Every structure is written in C-alpha cells, then in structure tokens.
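So the structure is just underneath, and the comments pick up after that.
The values are calculated or read from the model by the stated rules, or taken from the named source; none is laboratory data. It should be emphasised that the depicted structure is a prediction, and the values quoted were computed from it without experimental measurement. When we count neighbours, we look across all protein chains shown, and the Cβ atoms used for this are built from the backbone with ideal geometry, even at glycine. All accessible areas refer to the heavy atoms of the entire protein, side chains included, with ligands and DNA or RNA removed. Shrake-Rupley method; radii C 1.70, N 1.55, O 1.52, S 1.80 Å.
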Amino acid sequence: MPVLPGAEPYRHEGGEVGVLLCHGFTGSPQSMRPWAEYLAERGLSVSVPLLPGHGTRWQDMRITTWHDWYAEVDRALRELRERCSTVFVFGLSMGGALALRLAARHGDSVRGLVLVNPGNKVHGVAAHALPVVRHLVPTTKGVANDIAKEGVTEVGYDRVPLHAAHSLRRFFRTVDGELPQVTQPLVLLHSPQDHVVPPADSARILSRVSSTDVREVLLEQSYHVATLDHDAERIFDESWAFVERLAPERVGGKGSRSGG
C-alpha cells in the first residue's frame, strides 16, 4: 500500500550527534516532522522511521505486533550509531515506551531520552477483554488527532485494530518491567489535558526508572499530540537545551553536511 501523504520516514545527515525520534501508536512520522526538522536545522543527524503497519491503512497494522515496531526502532538506532558518536532517543506516546526499551537494552549507547506523553498502560475495563474481543471485533475508534490547536491535523488512523491494541498492552507490560534498567538522563514532558494517555502513565514511569538526572515539564496548553500543538516550540527548545548540555563538545560549532 502507498504511504499516506506526510507519513513518510524522515532522515537528515548532520553532525556527530544523532537523534532517533519514535512516533506513536497508529500515528506516523508526520507527528514528529517539525521536531525533526528543528533538530536538523541545528546540525544534528536525525532519523524518524515509519513503524511497520503504520502510515498506510489500519488493515496493514492488524497483522503487526510490538515486536515488529520495536525491531524497526532498534534497527534505526543501530544505523544511527554507525555514523554518530553520540545518540539520543526521543519519543511520543507509544514512541516514548519504545524509547525507554531502547534505553534499557542499549545502555550507554543511548545518551539521553526526551519523552512526550509516554504511554505505560492500556487503560479501561475493555483492556482486560482484548484477548477475546480482538477475535470478534476487528477495530475500535481511533485515538489520533487529540490536538488543542485549531487547524492542525495528525496523519494517523481513524480506527484502532484490536489485534494491535492487544499487542500494545503486552508491550507496555514488558517495558514496565524494564524501567528500573533505564539509567540515562531523562526529560519527560506531559499534558495535564491528555485524552489518550493519562498523567498516571508519566508518574509511573518517573517512579520506576533509575535515572537520577530527570526533568519533568508540564505542557499546559496542549493535548496528547503535543509535538503538533501549542507547546511544540517548548518541547523543541527543551530537547535542544538537553542535547547541548549533555553533548556540548560535539554540538558546538557542528553544522549539517547535507539536506534531508
């Protein structure tokens, strides 16, 4: 199937510092594109992969699992590490959970994390019925487009395949068990008014990681897809300050080598 307009993966060849950006469940690189371009303009090498089953039609996602999604960001991280001496991982929603697992499993290969409204659990009574219901009902209504800013649209599915939702639930449980292995510096930005992921998920993550260099930021003006919302510039600026602080000798004076 052709990729939806705007949902294409993004890559920019920059300097020695690289950033891997992970998009969310049923979303696409479009939700990360402004952030990626902001970082690319500052001379960083940037990679925003399109997760398997995403960015086309929900039927394609139905036959994928969290193992496929994680394998893609793991591959992208290893590729970025081959050409960059320092690599950060940023993530939105499920992308935040993917980033946390990369940090837990790759250790010092990941210099730091920036998470925006990261997911940690599939909530609601219906979540417990997923193992059975997914065989009876193919989809439920989508979670895309939770944005406060008028006139902004997220490129994502309007339906959630329940087979994929069941796999997401398993993935969140896996990541939750690995959170104590996360020791890297961390910036976690979350929206008090998030209609997809409740604040409890961010609180749970902050309480379980072993990181000691932690910054929590509230995004008061945005909903779930904050990277496209009113607080987007704050997210971008916070992440850039984080990179500059942790990799000053590599960021200072480094320009991009080519366009993306």
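When N145 is tested against (1) polar (S, T, N, Q); (2) surrounded by fewer than 22 Cβ atoms within 10 Å (Cβ to Cβ); (3) within 30 Å of G14 (Cβ to Cβ), just one condition goes unmet, and that condition is (3).
One residue is enough: does the stretch 39-59 have a residue meeting the conditions without any contact (Cβ under 8 Å) to a residue 60 or more places away in the chain and more than 27 Å from R234 (Cβ to Cβ)? Yes: one or more hits. Here is a check on your reading of the model: is V17 surrounded by fewer than 24 Cβ atoms within 10 Å (Cβ to Cβ), at pLDDT 95 or above and within 21 Å of R75 (Cβ to Cβ)? Taking the combined requirement at face value, the residue does not satisfy it.
Each row is one residue, and each column tells you yes or no for (1) under 28 Å from G107 (Cα atoms); (2) buried (at least 21 other Cβ atoms within 10 Å of the Cβ); (3) among the acidic types (D, E).
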site	(1), (2), (3)
R170	yes, no, no
R173	yes, no, no
P180	yes, no, no
L189	yes, yes, no
Q193	no, no, no
V197	yes, yes, no
R204	yes, no, no
S207	yes, no, no
E220	no, no, yes
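Take the stretch 229-241 and flag every residue that is open to solvent by less than 80 Å² (accessible area, probe 1.4 Å) and either out of contact with any Pro (no Cβ under 7 Å at 6 or more places or on another chain) or polar (S, T, N, Q) (or both).
Selection gives D229, D231, I235, F236, D237, E238, S239, W240, A241.
Only a single criterion out of (1) without any contact (Cβ under 8 Å) to a residue 24 or more places away in the chain; (2) surrounded by 15 or more Cβ atoms within 10 Å (Cβ to Cβ); (3) within 25 Å of L44 (Cα to Cα) is not satisfied by E244, namely (2).
In the stretch 28-61, what count of residues is obtained for those that are assigned to a loop (DSSP other than H, G, I, E, B), hydrophobic (A, V, I, L, M, F, W, C) and open to solvent by less than 10 Å² (accessible area, probe 1.4 Å)? First the steps, then the outcome.
Narrowing the stretch 28-61 to residues assigned to a loop (DSSP other than H, G, I, E, B): 28, 32, 42-44, 49-57.
Filter once more, keeping what is hydrophobic (A, V, I, L, M, F, W, C): 32, 44, 50-51.
Okay, now just the ones that are also open to solvent by less than 10 Å² (accessible area, probe 1.4 Å), so 32, 44, 51.
Here the count works out to 3.
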